[in-house]
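Data block below; observations after.
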Amino acid sequence: MKITVCLQGKEPIEKVYDQPVAIREIAEEMQKEHPYRITLARINRHVKPFNRVLTYDGTLELLDIRDPGARMCYQSSLLMLYIKAVRDVAGSKAKVKINNSLSKGLYTTVRHVPITEEFIDKIEKRMRELVSMALPITRMSVERETVMDVLREKGERSQIEGFLNTPDLQIITVFTLEDVKLAFSEELVPNTSYIDLFEVRKYRHGVMVRFPHQSDPSRILPFEEQKLLYDAFSEESRWCKLTGVDSASDLNRMILNNSARDLIFMNEALHEKKISEIAEEILKSKRRIILIAGPSSSGKTTFANRLCIQMKVIGLNPLYLGTDDYFVNRKDTKLGEDGEPDFEGLDALDRKLMNDNIRDLINGKEVDLPSYNFKQGEKEFGKRITSISSSQPIVIEGLHCLNPVLTEELPDEDKFRIYISPLTQLNIDDYNRIPTTDARKLRRIVRDAQFRGYSAAETIHMWPKVSRGEDKNIFPYNDLADMFFNSQCIYELAVLKKYAKPQLEKIHDDQPEYPEAQRLLKLLQYFVSLEHDEYIPNNSIIREFIGGSVIV
């Protein structure tokens, strides 16, 4: 039997076995040569548990948390360990809920138990004891009705409710760690010794469970306060309560009951109210340089245009600029580490020209603004000769707008910074979260297929490069923002499913993007598709991705 072993980041090795062999045996052998913990295995691009015995030729991928699937496997396994420790320390009365990602970790709450430093210390100590015991985490995949009986027996009300309105989900995997039985949407590691890198700390009214970041899988990065994002998630929680949608099951129920229209209208009204509040804050600040930044597929263009309208309503008359018009000529674009032109980096922009233009406009001068010709790869002039009055603000939207270096020649006291991102508080159940990154990725897959001529495979292939650019150019600066706009639409995954699912299904198992496509398809199984989206207003953020927008 020939097994081609692909250890992440290394050249494939062909191994020959004269009898069946478990994936775990191969993984343990290869772990000696690998600096990071192997947490996930795929055979011929299909995720398989470590106890699977191989009896045929194939390609075995052994992955660490630099891979999206392996990363989610580690996080879900760590949550299983955390929930087990909480119940061991506080008993079954303690109810854990995984709320959202924050500061290279997950923010969780524990109901019916006082959150003290002493409690946190006991939880972390118990988790480390469980890791040292290398306790097995077993799995069984069964039909939904059988799973419901198992979860009902264990009193897992949140998960039972989560499966009630998910008709597409027929086979569910339940994992067992001693007396704890929980369903997870991701694969888990085979035993507790695999999840030895973590940090548990008290934070606000809850508990932070932190894990290694893909940029450095060997350690826990230093904790960074993210007050802006914490407050944004708190606001999103209030929005969920107002709309009555706190989980995928709640959303599915509203769609199945034909109540989606009111939910859409309420979500859009909340967005408009927030944009109006931001415009009022800009007016009060008397600042004239409005900088808007956010990661890929945040809806920056729609938001910027809607903000300009709200600013006009209150007497401001903003000039809108996009940083895309300040790209350096394509022939002058610097190369990245991969030898390809780096269009994501700060050096891709003509910063001096941009700063000069903004300064001259603020000082009342007439300016010949550039228009970038993407076909020719050059800036063009003479088409937008503009000046503004002494009271007019300038709205600037782009990837780097929160980076102080971009506008370093302009006075800070004139800048009002806004960070935009879709931060989803809508989870599958109390233990299975929906990563914000996955929501953005699905947005981009739909938009790229609809308007940019890219297949889902091409978008998935490009995503790691996009993600690295965000880690370098956006996320380090989001706490510099004066205000945050959460562009998530509570109903959006039900809408995106209709558009994304056919695109993802085009990716076959002979393509390297197949595993990620399958992971996203599995996530979409938890949602009922909203087939009729005519109630979504034509100025909605989500229209930027599915089409029909009148504002971009």
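Every number here is computed from the coordinates shown, using simple stated rules; none is lab data. Here the structure is a predicted model, which means the values were calculated and not measured. Using ideal geometry, Cβ is built from the backbone for each residue, glycine included, and neighbour counts are taken over all protein chains shown.
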Determine the gain in length on full extension of the stretch Phe265-Glu534; use 0.36 nm per residue of separation and subtract their C-alpha separation, reporting nm with one decimal.
95.7 nm
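Using mean Cβ contacts within 10 Å as the protection proxy, how do 377-386, 462-471, 525-534 order, highest first?
Averaged packing, sorted descending, gives the order 525-534, 462-471, 377-386.
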Fraction of beta bridges assigned by DSSP in the stretch 2-64 that are antiparallel (%, nearest 5):
70
In degrees from 0 to 90, rounded to the nearest 10, what is the angle of the helix 492-505 Cα long axis to the longest principal axis of the chain?
70
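Roughly speaking, what is the stretch gain from Thr138 to Lys227, that is 0.36 nm per residue apart minus the C-alpha to C-alpha distance, in nm to one decimal? Mind showing how you got there, number by number?
Details: separation 89, 0.36 × 89 = 32.04 nm, distance 3.81 nm.
Extra length from Thr138 to Lys227 when fully extended: 28.2 nm.
What order do you get for 228-237, 17-26 when each peptide is scored by the mean count of other beta carbon atoms within 10 Å, highest first?
Result, highest mean Cβ count within 10 Å first: 228-237, 17-26.
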If the chain between Asp347 and Lys32 were fully extended at 0.36 nm per residue, the gain over the current Cα-Cα distance would be 109.3 nm
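Based on other C-beta atoms within 10 Å, arrange Thr108, Thr302, Thr4 from fewest to most.
Details: Thr108 25, Thr302 22, Thr4 14.
Listing Thr108, Thr302, Thr4 from fewest to most nearby Cβ atoms yields Thr4, Thr302, Thr108.
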Euclidean distance between Cα centres, the stretch 1-66 to the stretch 267-291, Å
52
Residues with beta-carbon under 11 Å from that of Thr386, excluding Thr386: net charge, scoring Lys, Arg +1 and Asp, Glu -1?
0
Given the -39500 (n - 2.57) contribution per DSSP H run of 4+ residues, what per-residue ellipticity at 222 nm results for the chain, rounded to the nearest 500 deg cm²/dmol?
-12000 deg cm²/dmol
State, to one decimal in nm, how far the label point of Glu413 lies from the label point of Met462, with both points 7 Å from Cα in the Cβ direction.
4.2
Whole-angstrom gap from the stretch 359-425 to the stretch 99-149, using each part's C-alpha centre
46
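If packing is taken as the average number of other Cβ atoms within 10 Å across a peptide's residues, how do 49-59, 437-447, 192-202, 149-159 rank, most packed first? The partial results should precede the final answer.
Working: 49-59: 14.6, 437-447: 23.5, 192-202: 18.9, 149-159: 16.8.
Descending packing order for the listed peptides: 437-447, 192-202, 149-159, 49-59.
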What residues of the stretch 330-351 lie in the reach of a label at Asp360, counting those whose backbone N is under 17 Å from a point 7 Å from the Cα along Cα→Cβ?
350-351
Pop the C-beta distance of Lys334 and Ser285 into the FRET formula with R0 = 35 Å and round what comes out to the nearest 0.05.
0.50
On a C-alpha basis, how far is the centre of the stretch 439-476 from the centre of the stretch 506-538 in Å? Whole number, if you could?
15
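Efficiency by 1/(1 + (r/R0)^6): what FRET value for Ile13 and Ser390, r their Cβ-Cβ distance, R0 = 56 Å, to the nearest 0.05?
On the way: r = 69 Å, r/R0 = 1.23.
Taking R0 as 56 Å, the efficiency between Ile13 and Ser390 is 0.20.
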Relative to the chain, whose Cα atoms define the longest principal axis, helix 260-285 and its Cα axis are tilted in degrees, nearest 10, by 50
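What is the antiparallel percent of DSSP beta bridges lying wholly in the chain, to the nearest 5?
Values: 48 of 71 bridges.
If I count the DSSP bridges inside the chain, around 70 percent turn out antiparallel.
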